[in-house]
1. If a residue must be in contact with a Lys or Arg (Cβ under 8 Å, 6 or more places away or on another chain), open to solvent by 20 Å² or more (accessible area, probe 1.4 Å) and not aliphatic (A, V, I, L, M), how many such residues does region A:213-238 contain?
2. State which residue is least open to solvent (accessible area, probe 1.4 Å) when the search covers only region B:126-140 and only residues that are facing another protein chain (nearest Cβ under 10 Å) and among the charged types (D, E, K, R).
3. Being under 19 Å from B:TRP99 (Cα atoms) and hydroxyl-bearing (Ser, Thr, Tyr) narrows it down to one of A:SER195, A:SER212, so name that one.
4. A:GLU219 - would you say it is at pLDDT below 90 and more than 11 Å from every other protein chain (Cβ to nearest Cβ)?
5. Limited to region B:178-204, what total is found for residues that are assigned to a helix (DSSP H, G or I) and open to solvent by 50 Å² or more (accessible area, probe 1.4 Å)?
6. Output the residues belonging to region A:139-164 that are touching a helix residue (DSSP H, G or I) at 6+ places or on another chain (Cβ under 6 Å), away from chain B (no Cβ under 13 Å) and either open to solvent by 10 Å² or more (accessible area, probe 1.4 Å) or free of Cβ contacts under 8 Å to residues at least 40 places away in the same chain (or both).
7. Quick test of your reading of the structure: B:GLN110 fulfils all but one of (1) more than 14 Å from chain A (Cβ to nearest Cβ); (2) open to solvent by 20 Å² or more (accessible area, probe 1.4 Å). Name the failing condition by number.
8. Residues that are open to solvent by less than 10 Å² (accessible area, probe 1.4 Å) and either more than 23 Å from A:GLU256 (Cα to Cα) or not aromatic (Phe, Trp, Tyr) (or both): list the strands (runs of 3 or more DSSP E) wholly contained in region A:1-89 that include at least 1 such residues.
Amino acid sequence: MRDKDSLEFSYFPGCSVVTTSWESNQSLLHACRSLGLNLKELEDWNCCGSSSAFAIDPELGFNLSARNLSLAEPDRPLLVMCPRCLHHLRETHQILRQDKLMRRAQERRWKRPISPDLEIIHFLEAVVKLGPQTWKRDGLEGLKVMPYYGCTLFRPPALRRERYYQGEVENVLAALGAVPVVKALTNRCCGSFLSAVRPGLVTQMVNEIIQSAVTAGAECLVTVCAMCQLNLEIRCTLEQKLPIFHFSEILALALEAKDYESWFARHLVDPRPLLIERGLLR
Amino acid sequence: MLNEAKLIITDKKDPLEQIWQIGTDSLFGPKIIEVDALDRDFAEEVERRSHAGLRRCYFCRSCGNGCPFVTAMDVPPYAVMRMVHYGLREEALSTRTIWICVNCHTCASQCPMAIDIAAMMNTLCHMALEERVPVPTPDILKFHLEVVRSIERHGRTHKLGIMLRLKLLTGEWFKDVDVGLKMLSKRKLDLRPSRIRALKEIHRLFLPYWRVVKP
């Protein structure tokens, strides 16, 4: 664990997290409180541009991401909840760091400074930094969990020198007393926005992913992305559906959160029977 | 490039020799390319706008093998890459592939030459719109436009608003209603959008700068 100042973060939740997956936001705030991470929501943040702005007008996406960077305080790392927002913010920041003229142009546009040294990290990375291997808790009672990364670990080549978090969800889960099940489609994309326009296609992909988890003996899935969680829940048409947890939920549960009842009630695949059966929920 | 171009130039009387295949026969069938109609600057233009590094491609086809959406595409990602290399401007800009791509970067992580294939796809989408090439997947374009309009309106995306406007546009009111209702009942679709305060800062991005100048 590092010194106290390094545990202060600006927090960028992203559009999905504040609405669709309100429960992951709550559980994240809870988990961070327990872990001693102090989050301060980025004042008046906006959408990072998402896939849509970057597809039809990359410059618009770049500007949208740059505004968020201009809002961040330079001396505290920016903690991002959504892996896709993370990529967009990081890539934009990398361009602004390397290109001084572009950075100055953005600073003039927003009338705010943009720090070239701003650290942008994902929630998972913040947890890994705390050294979860030493926690040695057994709160999850041997729950068989498939860590589902989706496209989280894949990145644009410009970011290939960033740290790589393959296997870290497993490590954290194991430290919390769960049994990670990895011989399944852990890195298959969930379908992203195609879920809205091509449900048939995404249903087929999601079913393959969940089926692989069932075959591998997993009882539930854990993702680090709110969109993956939603797609895996709404597009699964298999008879045997598995509950999908956001990483922050399972973390907060293992860290003995209190208000989980209201989170789990919002799931489209109810995880409560499984948790009650395992004695994790009363 | 030059050697390959020579391969394509053949005696026009013999149709078999005019044939040049972009990918494999079974996937695309034979395709005749008229060398005179190629846009020689296309690859350079795409590279300058996307910084994808597409000159490094040696056509190993790893991107197509890993792509989870390849079944929904008309040609695999490597074929788009080839079209860009050859200067088949219209063909590349009118593929479904560029619109199906969700930027999951599976291809890029498998690419031995670290080419940013998703950036190339985004650039091609942008160019297709600029040049008013008919979009083969109007539903996906409508979705993107609605998301961007939602950002313009609220500074953030509002899922319920986007879905309702999409339904209005497509007229498919009953498609996916069960999922929508389930999400509503679980309060996963907020009725009211989450808005930013400094909306002016966002609106400025959607207008030419002189439109917002006040004398």
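The values are calculated or read from the model by the stated rules, or taken from the named source; none is laboratory data. For clarity, every value in this text was computed on a predicted model and none was experimentally measured. With ideal geometry, Cβ positions are generated from the backbone for all residues, glycine too; neighbour counts draw on all protein chains shown. Note: accessible area is taken over every heavy atom of the protein model, side chains too, but ligands, DNA and RNA are not part of it. Shrake-Rupley method; radii C 1.70, N 1.55, O 1.52, S 1.80 Å.
1. Selection size over region A:213-238: 2.
2. B:ASP139
3. Values: A:SER212 fails: under 19 Å from B:TRP99 (Cα atoms).
None of the others qualify; the one that does is A:SER195.
4. Details: at pLDDT below 90: no; more than 11 Å from every other protein chain (Cβ to nearest Cβ): yes.
No.
5. Here is the first cut: in region B:178-204, the residues assigned to a helix (DSSP H, G or I) are B:178-185, B:199-204.
Subset that is open to solvent by 50 Å² or more (accessible area, probe 1.4 Å): B:178, B:181-182, B:184-185, B:200, B:203-204.
Result for region B:178-204: 8.
6. Listed by number, the list holds a single entry, A:GLY139.
7. (1)
8. Numbers: elements: A:8-12, A:38-41, A:78-80.
Strands (runs of 3 or more DSSP E) meeting the threshold: A:8-12, A:78-80.
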